[in-house]
Each structure stands twice: as structure tokens, then as C-alpha cells.
Amino acid sequence: FSVKGGEELTLGGVNAAGELISKSVSKDADIYFGMSIEDDFEDRVSMTLIATGLKQDDLSKAISSKGGAGGMFKSGGFFRR
């Protein structure tokens, strides 16, 4: 996965996203990540995730799970505050 954000984006926030992803996939999955800072992003975040071999049921559960990535965006989990 790749995360792009403004200067307030933290590695800790990106790591938290990685932990959320790793809990949703096989223990044998290979997870690679990248992070970039874009001056014009200010307090916005863009995440790209490419995943293969997912079953529809697993994908639906991951998207609808409580405490998912949506909560990170709302709580400011990616940013320094």
C-alpha cells in the first residue's frame, strides 16, 4: 500500500494502517508500503492498496469492520496533532 499526505502525515499513522491491513489478510501475505509527503495535500490523505487473492466474504468483512480505516481518518490517526 502507498500513503500520500501533507507535512502532518506521520510514519506512525502509516504504520497503524499497515497493522490494520495485516490483521485483515493471511499471515503468509507479503505487505509492502510506501509513504510520500506532498506539500499541496495539507491535511488530506490518499491511500492506494493493491490486493490479490481475496475472497468476497473476507473483503466485505474487512470493509465493514468497526474501527476500520475510516475511523483513522475521522480521528486524525494519520496526522500529528
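Since every read-out is calculated from the coordinates, none of them should be taken as a lab result. In this text, all values refer to a predicted model and were calculated from it rather than measured experimentally. Cβ: placed from backbone, ideal geometry, glycine included. Neighbour counts: every protein chain shown.
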Task: Distant-in-sequence amide H partners of SER24 (H built 1.01 Å from N, under 5 Å) - done: none
Task: Potential extension, LEU54-ASP30 segment - 0.36 nm per residue separation minus Cα distance - done: 7.3 nm
Task: Dipole in debye (nearest 20) - region 6-55, about Cα centre, beta carbon charges: Lys, Arg +1; Asp, Glu -1 - done: 560 debye
- [ ] Please say if region 2-54 is rounded, prolate or oblate, where rounded means a/c under 1.5 for a ≥ b ≥ c the square roots of the C-alpha gyration tensor eigenvalues, and otherwise the choice is prolate for a/b larger than b/c and oblate otherwise?
- [x] prolate
Task: Rounded to whole Hz, the Karplus (6.51, -1.76, 1.60) HN-Hα couplings of region 19-35, x for glycine and proline - done: 5, 4, 5, 5, 6, 9, 10, 4, 5, 8, 5, 8, 10, 10, 9, x, 9
